[in-house]
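Below is one structure; the comments refer to it alone.
The values are calculated or read from the model by the stated rules, or taken from the named source; none is laboratory data. None of these values were measured; they are calculated from a predicted model. Please note: Cβ atoms are built from the backbone with ideal geometry, for glycine as well, and neighbour counts cover all protein chains shown. What goes into the accessible areas is simple: the full protein's heavy atoms, side chains included, and nothing from ligands, DNA or RNA. Shrake-Rupley method; radii C 1.70, N 1.55, O 1.52, S 1.80 Å.
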Amino acid sequence: MDYQSIFEGAIDQLKAEKRYRVFADLERIVGRFPHAIWRKDEQAREVVIWCSNDYLGMGQHQSVLGTMVDTALGMGAGAGGTRNISGTNHPLVELEAELADLHGKEAGLVFTSGFVSNEAAISTIARLMPNCLILSDELNHASMIEGIRRSGCEKKLFRHNDVEHLEELLAAAEPGRAKLIVFESVYSMDGDVSPIKEICDLAEKYGALTYIDEVHAVGMYGPRGGGIADREGLMHRIDVIEGTLAKAFGTLGGYITSTKAICDAVRSYAPGFIFTTALPPAIAAAAAASIRHLKRSSTERDMQQRQAQRAKDVLGGAGLPVMPSSTHIVPILVGDPDLCKQASDMLLEMHGIYIQPINYPTVPRGTERLRITPTPFHDDDLIDRLKTALTDVWTRLELPLSGPIDLAALAEEDEPVAHLAVPRSGG
């Protein structure tokens, strides 16, 4: 058998469908974020990053960097192995305490990434509950989908943010059956927010456990950065809160917070936790420093929200098809995979602006887009330059300058992408 032809054919199929992904070679510059060095064909030039998940620029914050360096010099570069084999480095213990405090929970548990935390926690929690039924929002992230799949439990999908459909599914389940509702607070491709209160009401009415993914919201919302549930005063009603350290907190890793019993059960039963090397102490300490800072300071959140709103206003005012979003995420509709990739390439090569194209299967066919994430460091001048560049690219590609749009108008034409075998979201 010609094994190589199998893999080459798979790649050729992606290229034919305009879904082949190319990674830009970027070197961020501390103190000058969002500026970076882009390297291609042995040449280097400065560009501006407009799609980073380092939403608040905490990856370059001096207290975070200083803590990381000091801890690495004092404790070394690596963790030395799994926590079971090598013990738990003390900065990791302190980090889990900070996370539990952030979300008002009894305990926290840190993983090597947000993907691993969802996959390991969801699969373990559901598997430990006899005959568990999982009720999942149809637009949940690929990591949540994988956790559901690995649990081996029965699942039911409810239409995105549709609490009436969720109640229909809950009401149809056996009254005494174990039930787990898994959903996100901020959906990263559209920037919409889930009805957390209504979902909690249903969970209490039908005796279900709630699991919320706050990865795109932790650090960003709430008086101390606990996420959307923090902002809305609902953290105490959520059974398990999952988040990441790799976005607004600017470092690396994922986590859950919950009761001591749930966290201990996941720690004791989840292969994705047990058999994975722990986060290095320098990263754990840096993450804790970032969390502590954002618990005290709202300056970064306030500035980020201002710049995100200004970007929506300026880009929409220029006729660009800004999709509706109530959060910090600013999607601009292209609606064609080839044109989306062309737009991204032209922005980078002609204007020194990096925005990765978002194509199927991350989003439904026909809703391909550029996903923009302004930070406190994208000042008004950079927003104006972005508007000029995007308008130029739209004109060159003969894309319509129709102004802000309503994504619901495209819904009837979209094909379902829920719970695909391939990742839905790359965030």
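Spot the failing condition for E198; the list is (1) part of a strand (DSSP E or B); (2) open to solvent by 30 Å² or more (accessible area, probe 1.4 Å), and only one is missed.
Checking E198 against (1) part of a strand (DSSP E or B); (2) open to solvent by 30 Å² or more (accessible area, probe 1.4 Å), the one that fails is (1).
Only one of A270, A261, A265, A284 is over 18 Å from A77 (Cα atoms) and either in contact with a strand residue (DSSP E or B) (Cβ under 8 Å, 6 or more places away or on another chain) or free of Cβ contacts under 8 Å to residues at least 24 places away in the same chain (or both). Can you tell me which?
Numbers: A270 fails: either in contact with a strand residue (DSSP E or B) (Cβ under 8 Å, 6 or more places away or on another chain) or free of Cβ contacts under 8 Å to residues at least 24 places away in the same chain (or both); A265 fails: either in contact with a strand residue (DSSP E or B) (Cβ under 8 Å, 6 or more places away or on another chain) or free of Cβ contacts under 8 Å to residues at least 24 places away in the same chain (or both); A284 fails: over 18 Å from A77 (Cα atoms).
Just a single option satisfies the conditions, and that option is A261.
Sort out which residues of region 179-191 are part of a strand (DSSP E or B) and out of contact with any His (no Cβ under 8 Å at 6 or more places or on another chain), and write them in order of number. Steps first, please.
First pass over region 179-191, keeping only residues part of a strand (DSSP E or B): 179-184, 186-187.
Listed by number, the residues that qualify are K179, L180, I181, V182, F183.
Just to verify a result, which residue in region 286-299, among those that are hydroxyl-bearing (S, T, Y) and in a helix (DSSP H, G or I), is least open to solvent (accessible area, probe 1.4 Å)? Outline the logic, then answer.
Of all residues in region 286-299, those hydroxyl-bearing (S, T, Y) come to 290, 297-299.
So of that shortlist, the ones also in a helix (DSSP H, G or I) come out as 290, 299.
On the way: S290: 0, T299: 89 Å².
Restricting to residues being hydroxyl-bearing (S, T, Y) and in a helix (DSSP H, G or I), the top hit is S290.
Of the conditions (1) part of a loop (DSSP other than H, G, I, E, B); (2) among the acidic types (D, E); (3) surrounded by fewer than 19 Cβ atoms within 10 Å (Cβ to Cβ), E168 clears all except one; give me its number.
Going through (1) part of a loop (DSSP other than H, G, I, E, B); (2) among the acidic types (D, E); (3) surrounded by fewer than 19 Cβ atoms within 10 Å (Cβ to Cβ) one by one, E168 breaks only (1).
Do you know which of the residues in region 216-255 that are of a type in the set (D, E) and out of contact with any Lys or Arg (no Cβ under 8 Å at 6 or more places or on another chain) is least open to solvent (accessible area, probe 1.4 Å)?
If we filter region 216-255 for residues that are of a type in the set (D, E), which is where we start, we get 230, 232, 239, 242.
Then drop every residue that is not out of contact with any Lys or Arg (no Cβ under 8 Å at 6 or more places or on another chain), which leaves 239, 242.
Values: D239: 53, E242: 0 Å².
The selected residue is E242.
From D190, D213, D162, grab the single residue that is among the charged types (D, E, K, R), in contact with a Ser or Thr (Cβ under 8 Å, 6 or more places away or on another chain) and open to solvent by 10 Å² or more (accessible area, probe 1.4 Å). Reasoning before the result, please.
Details: D213 fails: open to solvent by 10 Å² or more (accessible area, probe 1.4 Å); D162 fails: in contact with a Ser or Thr (Cβ under 8 Å, 6 or more places away or on another chain).
The conditions single out D190.
Which residue out of S402, S425 is modelled with pLDDT under 50 and not in a helix (DSSP H, G or I)?
Unique residue meeting the criteria: S425.
Wholly within region 1-107, which strands (runs of 3 or more DSSP E) include no fewer than the required count, namely at least 3 residues that are open to solvent by less than 60 Å² (accessible area, probe 1.4 Å), of a type outside the set (K, R) and out of contact with any Gly (no Cβ under 8 Å at 6 or more places or on another chain)? Write out each step before concluding.
Details: elements: 25-28, 35-40, 43-49.
Passing ranges, in order: 35-40.
To keep it simple, each residue is scored yes or no on (1) more than 19 Å from I238 (Cα to Cα); (2) within 22 Å of the chain's Cα centre (by Cα); (3) not polar (S, T, N, Q).
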| site | (1), (2), (3) |
| --- | --- |
| V93 | yes, no, yes |
| V110 | no, yes, yes |
| S143 | yes, yes, no |
| R150 | yes, yes, yes |
| I181 | no, yes, yes |
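Of all residues being in contact with a Leu (Cβ under 8 Å, 6 or more places away or on another chain) and open to solvent by less than 40 Å² (accessible area, probe 1.4 Å) in region 146-159, which is nearest to E184 (Cα to Cα)? Just the residue, please.
F158
Among the residues of region 205-233, which ones are in contact with a Gly (Cβ under 7 Å, 6 or more places away or on another chain) and in a helix (DSSP H, G or I)?
Answer for region 205-233, where residues must be in contact with a Gly (Cβ under 7 Å, 6 or more places away or on another chain) and in a helix (DSSP H, G or I): D230, R231.
How many residues are in a loop (DSSP other than H, G, I, E, B), of a type in the set (A, V, I, L, M, F, W, C) and open to solvent by 20 Å² or more (accessible area, probe 1.4 Å) if we restrict to region 124-145? Steps first, please.
Within region 124-145, the first condition is being in a loop (DSSP other than H, G, I, E, B), and the residues that meet it are 129-132, 138-141.
With of a type in the set (A, V, I, L, M, F, W, C) added as a condition, the list becomes 129, 132, 139.
From what is left, the residues that are open to solvent by 20 Å² or more (accessible area, probe 1.4 Å) are 129, 139.
Total satisfying the criteria: 2.
What do you reckon, is N118 part of a loop (DSSP other than H, G, I, E, B), in contact with an Asp or Glu (Cβ under 7 Å, 6 or more places away or on another chain) and open to solvent by less than 40 Å² (accessible area, probe 1.4 Å)?
On the way: part of a loop (DSSP other than H, G, I, E, B): no; in contact with an Asp or Glu (Cβ under 7 Å, 6 or more places away or on another chain): yes; open to solvent by less than 40 Å² (accessible area, probe 1.4 Å): yes.
Judged against the criteria, N118 is not a match.
Identify the residue in region 349-365 that is modelled with pLDDT of 95 or more and open to solvent by less than 20 Å² (accessible area, probe 1.4 Å) and, among all such residues, is farthest from D384 (Cα to Cα). Spell out how you get there, then give the answer.
Within region 349-365, the first condition is being modelled with pLDDT of 95 or more, and the residues that meet it are 349-355.
Now narrow it down to the ones that are open to solvent by less than 20 Å² (accessible area, probe 1.4 Å): 352-353, 355.
On the way: G352: 14, I353: 12, I355: 16 Å.
By that ranking, first place goes to I355.
For region 39-65, which positions are farther than 24 Å from H351 by Cα and touching a residue at least 60 places away in the same chain (Cβ under 8 Å)? Don't jump to the end; show me each part of the working.
Within region 39-65, the first condition is being farther than 24 Å from H351 by Cα, and the residues that meet it are 58-65.
M58, G59, Q60, H61, S63, V64, L65, listed by residue number.
Cβ-Cβ under 9 Å, sequence separation 6+ or interchain: first residue in region 389-406 and free of Cβ contacts under 8 Å to residues at least 24 places away in the same chain, partner charged (D, E, K, R). Which pairs?
none
Residues in region 300-331 that are in a strand (DSSP E or B) and under 18 Å from the mean Cα position of the chain (by Cα): how many?
The total comes to 2.
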